[in-house]
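Working notes, structure below.
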Amino acid sequence: MKLNLYPKLSVEQPINFYSLSNGIAIFFRLIITGKYKYLYAIARKRLIFYFAKEYLDAQMARRKGACSLKGHCCKATLPWCPYLKNGKCSIHDNQPLFCKIFPIDERDKELSDVKEVCGYYFK
């Protein structure tokens, strides 16, 4: 599956303050609960996305399989996600970009504690 990883942004595009404030809330909740490994995983994913596009493209080409649709990645890393309903993603067909690119690589799966249950693998 080919993903549009680099959407065109324009100056006229409004900033989604809900997403910004939600991201800040997630950051502080991870600090408060002591889930520093997940903070590292989130920061690592964003750094790869913004600064290592060649690596990201190569990993997306290597990624095979499909989402198991069981919500393991959400439950492990973002259990308070507002779209996680009854243990499953309620917006899977329209999920945010950072959800679509999960997992970037095997390390991403390890950091999120979903290595054994994730339906994606890398060749």
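Tabulated values for the structure
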{"quantity": "Count of residues meeting criterion [of a type outside the set (Lys, Arg), outside any helix (DSSP H, G or I) and either surrounded by 14 or more Cβ atoms within 10 Å (Cβ to Cβ) or at pLDDT 80 or above (or both)] in region 80-95", "calculated": "8"}
{"quantity": "Looking only at region 96-114, and only at residues there that are among the acidic types (Asp, Glu) and in a helix (DSSP H, G or I), the one that is surrounded by the fewest Cβ atoms within 10 Å (Cβ to Cβ)", "calculated": "Glu110"}
{"quantity": "Test set (1) surrounded by 15 or more Cβ atoms within 10 Å (Cβ to Cβ); (2) part of a loop (DSSP other than H, G, I, E, B) - Val117 fails condition number", "calculated": "(1)"}
{"quantity": "Contacts under 7 angstrom Cβ, first residue in region 52-65 being on the phi > 0 side of the Ramachandran plot, partner of a type in the set (Phe, Trp, Tyr), 6 or more apart", "calculated": "Gly65/Tyr120; Gly65/Tyr121"}
{"quantity": "Positions within region 4-58 being at pLDDT below 75, surrounded by 12 or more Cβ atoms within 10 Å (Cβ to Cβ) and under 22 Å from Phe122 (Cα atoms), in sequence order", "calculated": "Leu5"}
{"quantity": "Selection from region 85-117 of residues that are in contact with a strand residue (DSSP E or B) (Cβ under 7 Å, 6 or more places away or on another chain) and acidic (Asp, Glu)", "calculated": "Asp105, Glu106"}
{"quantity": "Members of region 59-75 found to be surrounded by 14 or more Cβ atoms within 10 Å (Cβ to Cβ) and of a type in the set (S, T, N, Q), listed by number", "calculated": "Gln59"}
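The values are calculated or read from the model by the stated rules, or taken from the named source; none is laboratory data. Everything quoted here is computed from the prediction, not taken from an experiment. Every residue, glycine among them, receives a Cβ derived from its backbone with ideal geometry; neighbour counts consider all protein chains shown.
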